[in-house]
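In what follows, a single structure is set out as structure tokens and then discussed.
The values are calculated or read from the model by the stated rules, or taken from the named source; none is laboratory data. The shown structure was predicted, so the numbers you read here are calculated from the model rather than taken from an experiment. Here Cβ is always computed from backbone atoms with ideal geometry, including for glycine, and neighbour counts include all displayed protein chains. Heavy atoms of the whole protein, side chains included, go into the accessibility calculation; ligands, DNA and RNA do not. Shrake-Rupley method; radii C 1.70, N 1.55, O 1.52, S 1.80 Å.
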Amino acid sequence: MVKQKVYRKHIQLTEFQIKRLYELSEFDGVDPAEHAMRAIDAYLKNKKTDLPAKGQAQIRTKVKDQSNDPQIEGAVWLSGTVNQYEFSALILKTPAKTAMEKGRISKLAIWDPAVRKATNNFIGACIVNYDRGWDIRPSRRAEIYYHPVKALLDEYIASH
């Protein structure tokens, strides 16, 4: 089977498709996530999945929410969107050995909300996940979303 992070990242399911996956799962007893993976694999085999040229990609990042972490003094959670994906990051008050590049970004996740909703699996929906170490490194496909988010976080850190 193909690793999850390779195949599902640019596919968004409609409410109808999600409902049909759950109906199919009730019928045959197979997990809806497995049905989604199979369907997306089949879809990608029939589609041209080349990346857009860097000049063609219109990447929009936006911070939607900011809140203090109740367990870590001075730490802040930032969440927002990068095109069709969502992201969340934990920014520490001071640099840490376990943070990204030994800086202040302790956690960073970028995920597809449609996949998360369809599968009810957060890690399965992630295209990038750093949690005091790389769980899912940015793939070639995910880099065009990772770098703008990282730049936005670095800009936030520089101003605070």
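Suppose we filter region 83-107 for residues that are at pLDDT 95 or above and within 30 Å of Lys19 (Cα to Cα); how many remain?
So the answer is 4.
State yes or no: is Leu90 touching a strand residue (DSSP E or B) at 6+ places or on another chain (Cβ under 8 Å), hydrophobic (A, V, I, L, M, F, W, C) and without any contact (Cβ under 8 Å) to a residue 40 or more places away in the chain?
Values: touching a strand residue (DSSP E or B) at 6+ places or on another chain (Cβ under 8 Å): yes; hydrophobic (A, V, I, L, M, F, W, C): yes; without any contact (Cβ under 8 Å) to a residue 40 or more places away in the chain: yes.
Answer is yes for this residue.
Of all residues in region 137-160, count the ones that are under 20 Å from Gln66 (Cα atoms) and of a type in the set (Lys, Arg).
Residues that pass the stated criteria total 1.
Could you please find all residues in region 48-74 being over 21 Å from the mean Cα position of the chain (by Cα), outside any strand (DSSP E or B) and at pLDDT 90 or above?
Pro70, Gln71, Ile72, Glu73, Gly74
For region 95-153, what are the residues that are assigned to a strand (DSSP E or B) and among the polar types (S, T, N, Q)? Lay out the reasoning, then the answer.
Within region 95-153, the subset assigned to a strand (DSSP E or B) is 105-111, 126-131, 134-136.
Listed by number, the residues that qualify are Ser106, Asn129.
For the subset of region 116-127 comprising residues that are of a type outside the set (Lys, Arg) and open to solvent by 10 Å² or more (accessible area, probe 1.4 Å), which member is nearest to Ala33 (Cα to Cα)? I'd like the intermediate steps shown before the answer.
Our first condition is that a residue be of a type outside the set (Lys, Arg); within region 116-127, this holds for 118-127.
In the following step, the residues that additionally are open to solvent by 10 Å² or more (accessible area, probe 1.4 Å) were identified as 119-123.
Values: Thr119: 5, Asn120: 8, Asn121: 8, Phe122: 12, Ile123: 12 Å.
The selected residue is Thr119.
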